[in-house]
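Quick notes on the structure that follows.
The values are calculated or read from the model by the stated rules, or taken from the named source; none is laboratory data. Just so it is clear, the structure is predicted and the values come from calculations on it, not from any experiment. Every residue, glycine as well, gets a Cβ built from its backbone with ideal geometry; the counts of neighbours run over all protein chains shown. Areas reflect the complete protein model, heavy atoms only, side chains present, ligands, DNA and RNA absent. Shrake-Rupley method; radii C 1.70, N 1.55, O 1.52, S 1.80 Å.
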Amino acid sequence: MPVDVVLGGQWGDEGKGKIVDLLAADAHAVVRCQGGANAGHTLVDGEERLALHLIPSGVRHAECLLVLAAGMVVDPLALVEEIEALEASGHPLRNRVRVSVAAHAVLPSHRLQDQAQERQRGTGSVGTTGRGIGPTYADKAARTGMRLGAFLHSEAELRDRIRAVLRDKQSVIEPAGSLDVEATLARLVGLRAEIAPLLCDTTALLHELCAAGRTVLLEGAQGAMLDVDHGSYPYVTSSSCTTAGALAGSGLPPQVVDRVTGVFKAYCSRVGNGPFPSELLDATGERLREIGREFGTTTGRPRRCGWFDVVAARHAACISGFTQIALTKLDVLDEFETLQVVVAYELDGETVTRFPADHEALSRCKPLTVEMEGWRRSTRGCRDAATLPEAARRYVEFLVDRIGVPLGYVSVGPERADAFAC
Ligand code: IMP
């Protein structure tokens, strides 16, 4: 079966882009299925550093189709900007980007609404990326949103459609500012000539590719703990970050899936608010942030850092059916004398090994850890599991064994060449 799924197993920022870039060498299409410009995938190759937000991470493979499927929420202004920036840096892609007519449009009003709602939440804010993701999915569910297919209609019809979405938004966006409706309409309608040629029925396209035996790679955004149903709600994103979400968003059925790769960082990080049981609020957390350069690609915010959490990882593997693991940023741990791994939580005096579904229970969980020996040797330059220091191998084997899913890849640096199959 020709479909490969790559998903985040933690709170996002696991290095999915890099693993997708690696696997895309054999793919005919790389597909983003959910989320929008809240995602930030960084690809590093020598001097080049590409920060992607909407465009799938197959961008460096010139033959690969880049599909933005029906389950996504796409900001047309951000899309055009990202395409222009990538083309200017030497990656022609206009003729291989395919955007679903059914994907929902994130309008400037959604961004302002997102920011206004965050302000109103005060100390209970989610810590969103402010990219309008939640309000756009809310409009979609309420059946008041606008699909990108509107850009295929006449200028007058498109204008009316956008006006209908902007209508009645003024009061909800007020705390974050006001919107000049006429100027916004002019900007968006002005994009029609650029957006329309990118649009098609991506579901039909993906079915045709699968029927022809072509390899399709579904690229998840965010991570399992940010999943709207199975994450730490309400401190989550507004879409489904699981295998089921990738299928719903792409329109492909489950039986075409061949392999599901869960990507995990060798430790944990989280941006935004909400419970994070393995978080380190001390100098060790600071050290992880500095060495791992844990600052958001999309917002530049410092990420909260903590030890690897096996309880959360098993939950991710369970809800998405991971068939293999890709472990990234192992090199960030190179200098640590000892490492901790969270293997259970203490919840109200009991030991639990299952990730609590209720975020209030999750926020009362205290981590129970196992200490492991560090390796204090550089892993950079290792190109197979056999050349990893013995303590590093033991650490990786411990994680893989506790999660209960075989290891597929390890990555020991930001470069494409730093990741190897195991
Ligand atoms: P939203 O997706 O912008 O609504 O943000 C909801 C939560 O998901 C916040 O905690 C964000 O920081 C987090 N989030 C959204 N996208 C990403 C991502 O790509 N990586 C990591 N965290 C993300």
Quiz item: Taking the condition within 20 Å of PRO414 (Cα to Cα), open to solvent by 40 Å² or more (accessible area, probe 1.4 Å) and among the acidic types (Asp, Glu), does GLU63 pass?
Solution: no
Quiz prompt | Residue in the stretch 133-143 that is more than 21 Å from the chain's Cα centre (by Cα), away from the ligand (no atom under 16 Å from the Cβ) and not assigned by TED's automatic domain parsing to the domain that holds GLY35 present | solution = yes
Quiz item: Inside the stretch 279-298, can you point out the residues that are surrounded by fewer than 18 Cβ atoms within 10 Å (Cβ to Cβ), more than 16 Å from the ligand (Cβ to nearest atom) and either of a type in the set (A, V, I, L, M, F, W, C) or assigned to a helix (DSSP H, G or I) (or both)?
Solution: LEU281, ALA283, THR284, GLU286, ARG287, GLU290, ILE291
Quiz item: Is it true that PHE276 is within 14 Å of the ligand (Cβ to nearest atom) and either outside the structural domain of GLY408 (by TED's automatic domain parsing) or over 16 Å from the mean Cα position of the chain (by Cα) (or both)?
Solution: yes
Quiz item: Taking the condition touching a helix residue (DSSP H, G or I) at 6+ places or on another chain (Cβ under 9 Å), surrounded by 21 or more Cβ atoms within 10 Å (Cβ to Cβ) and touching a residue at least 12 places away in the same chain (Cβ under 8 Å), does ALA138 pass?
Solution: no
Exercise. Could you pull out every one of the strands (runs of 3 or more DSSP E) wholly within the stretch 36-118 that has 2 or more residues that are within 14 Å of the ligand (Cβ to nearest atom) and under 25 Å from ARG147 (Cβ atoms)?
Key: none
Exercise. Identify all residues within the stretch 169-184 that are more than 30 Å from the chain's Cα centre (by Cα) and open to solvent by less than 60 Å² (accessible area, probe 1.4 Å); write none if there are none.
Key: VAL181, ALA183
Quiz item: Within the stretch 405-417, is there a residue that is among the aliphatic types (A, V, I, L, M), farther than 21 Å from GLY17 by Cα and either at pLDDT below 95 or surrounded by fewer than 19 Cβ atoms within 10 Å (Cβ to Cβ) (or both)?
Solution: no
Quiz item: For ASP21, are the conditions met, namely being open to solvent by less than 20 Å² (accessible area, probe 1.4 Å), within 30 Å of SER171 (Cα to Cα) and either touching a Cys at 6+ places or on another chain (Cβ under 9 Å) or outside any strand (DSSP E or B) (or both)?
Solution: no
